[in-house]
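A short reminder: the numbers here are calculations on the coordinates, not readings from a lab. Owing to the predicted nature of the structure, the values given are computational and were not obtained by experimental measurement. Neighbour counts run over all protein chains shown; Cβ positions are idealised from the backbone, glycine included.
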Amino acid sequence: MGVTIRLTRMGAKKKPFYRLVVADSRFPRDGRFIDVVGTYDPNLNPPAIRLNQEKINSWLKRGAHPTTTVESLMKKAGLSAGVATAGEKKAAKADSPA
């Protein structure tokens, strides 16, 4: 079972609103999820990003993988500074001598 942190779409037609959720990667985008860890509202100027830092760090420590979009939202919110994501771990492994 792969657990991912991803966006699920809410809101009306032409007025999207997203929740950042922790879900099993096999479930559909707007399907069942495990936990809500934040919100993203692109309709505001500037877009509103609200993240629960404690929950996100907890899920990342348990092995959840954020999608690329969620990773970029976390960087914009200033969250991923202390947490090494999966892409950074792979790059560090490739750079180290064997």
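Tabulated values for the structure
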item: Sequence ranges 73-79, 47-53, 24-30, ranked by mean other-Cβ count within 10 angstrom, highest first; result: 73-79, 47-53, 24-30
item: Overall form of the range 32-78 per C-alpha gyration tensor (a/c, 1.5; a/b vs b/c); result: prolate
